[in-house]
1. From the C-alpha coordinates alone, can you work out the Kirkwood hydrodynamic radius of the range A:10-93, in Å?
2. May I ask you to list the aspartates and glutamates whose Cα is less than 16 Å away from that of B:Lys237, ignoring any residue fewer than eight positions away on the same chain?
3. So for the range A:46-109, Kirkwood radius off the Cα pairs, Stokes-Einstein at 10 °C and 1.306 mPa s: how many µm² s⁻¹?
4. Sum -39500 (n - 2.57) across every DSSP H segment of at least 4 residues in chain B, then divide by the residue count to get the 222 nm mean residue ellipticity, nearest 500.
5. Which value, in debye to the nearest 20, gives the size of the charge dipole of the range B:198-247 about its Cα centre, when Lys and Arg are +1 and Asp and Glu are -1 at the Cβ?
6. Using the Cα centre of the range A:92-134 as origin and beta-carbon charges of +1 (Lys, Arg) and -1 (Asp, Glu), tell me which of A:Val108, A:Gly94, A:Thr133 is placed farthest towards the positive end of the dipole.
7. What share of the DSSP beta bridges in the range A:1-60 is antiparallel, in percent to the nearest 5?
8. Treat the count of other C-beta atoms within 10 Å as a stand-in for reagent exposure and order B:Arg7, A:Arg210 from fewest to most.
Amino acid sequence: MRILVVEDDAVLLDGLKVGLGLSGFTVDTVANVADAMEALAANRFDAVVLDRMLPDGCGLDVLGGLRGRDDRTPVLLLTAKDETADRIGGLDAGADDYLGKPFDLDEVAARLRAITRRGAGRAHPQLRHGSLTVDLAGMVARKGEKTVALSRREFSILQTLMENPGMIHSKQTLEQRLYGWQEDVESNTVEVHVHKLRAKLGAPVIETVRGVGYRMGIAE
Amino acid sequence: MTSIRIRLIAILLMTTGAVWCCAVFWTYLSTQHQLERVLDARLTEAARMVSSLITDHHIEVAAAVDAVAASDARPEFAAAQTGYNRQLSCQIWSLQGQLISRSESAPAVSLAGHAKGYEDTVINGERWRVYAVVNPALGVRVLVGDSLDMRGKLVGDVIKGQLIPALAIIPVLAALIWFSVDRGLAPLSRVAGTLSGRSADALQPVEESGAPREVRPLLNSLNALFQRVSAAREREKTFIAYAAHELKTPLAGLKTQAQVALKSDDDAIRNAALRHISTSVDRTGRLVRQLIDMAAVDSADASRMAGKASIPDVLTDVRADLDSLRTARTVTIKAHVEVAREPVVYDRMLLALALKNILENAILYAPAGSDVAVSVRREGNELHIEVADPGPGMTPEEAEHLMGRFNRGRHDGKGTGLGLAIVDMAVRKLNGRLSLEKRAKNFVAEITLPLDHPGQIGLHRN
């Protein structure tokens, strides 16, 4: 899952980037309103973690811009202002959730999973495709009774495909969800991860649509 | 005595009591005096009457004497108070000293030995007032006297008659005084009532228009105090909200990095997180210290500011405080101090905080290995303190923004955004100026402090 974190405190920003990365998210970071606007206009993110107080303005401005162009990307507001009135204001401005500083890293991750799940119209915390189950919180896949260990990127590709099993995802889309801006992308990386997934879960699990991309194979 | 009511009542009771006592005493004296005169006149009249009665031979001596004694038995005294019977006693003596006749109540011995006029005598232990008149034609001396004890009793009875109504008035008077004081103090009680009915944080001014003139100065100062307290409380509230807010972000950063360190198996990630924690603790420590500095500068009261500070000494202390930061950033401080060591009138704490924060900023933003130049000089009646660093500096807009009390600066991982606000606030309280500008390759912060009216420093512009 690719998310954008907007936070001006360098230490906290780094902590969120690394920490959410460990929880399986692909994290891009910006530190002010202007950069956040630009990033959101040019890219598609699965969710945004937005600090309320930024050096060049208010996080709610970013939120307003986003909702103004009918962008439904789920937004989790982070703030040091933790009064009830602030929470109400933030939620009414279009945020999906609100978290007061200081927070628990795992809670941020859980809330991000919750708002993206809801945003995608699902309620179940696990993704299913036939006998294949993906537990998003535990970052594990199960084939029948057998637990299969996956790397972060393998997991991310499987998750993307399983969220919309019938849809074909281009290699480019998958790459975007795997890598933040700062990360170098190896040219054949998606093919490598798909190959490994097939090796672990059985070849029919992912279907290659020649010239277009990948989608989930027929459910077993 | 702290109760005005009790005090007033006591004063009023004492003064009216004293006046009342004086009046009673005066009545007593004047009544006594008047009675003496009346009774003396009666003696004279009686003696003359006897003398004239016997002279004209209209009446026998004994009968005349009895007439005198009987004339005294006035109906009211005779009826009600038998004690007043036979007040007057009469004796008629021959000039040779023989008792010719006497009234029934008169003693057998001579009432007095004198020839004529008044005399006080003691007969058988009883005191008498006696009037004597000589009748030369008959060769007799007429003595008419009355008992002084009887007189005293009479005076006492008259006084008693006057005192009893006066005594009856005392409780009425006390009650009236009590009631009047109560009514008189009612406006004060109203003011006290409105004040005591307030909750602890009701600091709105007390309505003065309806209050009595005497209470207004008190209400004025009370309202001024309310104003100061509520301003201070407002500042405190803003400060606490700001401090809590400013501390939450670095705490969130620390917690997140700590969780990253705990979660990750990768040594590189763990070490990076720990390094972040270490620098963040330094920065948060600085933030806490600056918050305390800010509270100290903010609460520095202009009216209490006094004391002297030696500028070179203050600079030495500030440099010692910042030495570990300076070493860590490998910056050299080159100081050039052209002023004498003699202390000048400045608030030492404000001066030290201004210098420390301006120098700390310079050290934080100067590139590693570079020099920060500090110069202190006197120009006319002004003291100039310049701190120059070869760092990036800031635009005038940024500077303006940062000097605002609770404006947050860029979070570049170094400064807290509070330093400049503290410097600006301290310099203002010292009645000086702060200017920030780019000169050649340096960014220069200059503090200008007045020296001309050292006694007035800190008394204006807060």
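1. It works out to 13.4 Å.
2. List returned: A:Asp82, A:Glu83, B:Asp201, B:Glu246, B:Asp298.
3. Answer, rounded: 134 µm²/s.
4. That comes out to -19000 deg cm²/dmol.
5. Magnitude of the dipole: close to 100 debye.
6. Of the options given, the answer is A:Thr133.
7. Counting DSSP beta bridges with both partners in the range A:1-60, the antiparallel share is about 20 percent.
8. Fewest-to-most ranking of B:Arg7, A:Arg210: A:Arg210, B:Arg7.
Read-outs throughout are calculated quantities, based only on the coordinates presented, and are distinct from any laboratory measurement. Note that the structure is a prediction, hence the values are computed from the model and not measured. For neighbour counting, all protein chains shown are included, and Cβ atoms are generated from backbone atoms with ideal geometry for every residue, glycine included.
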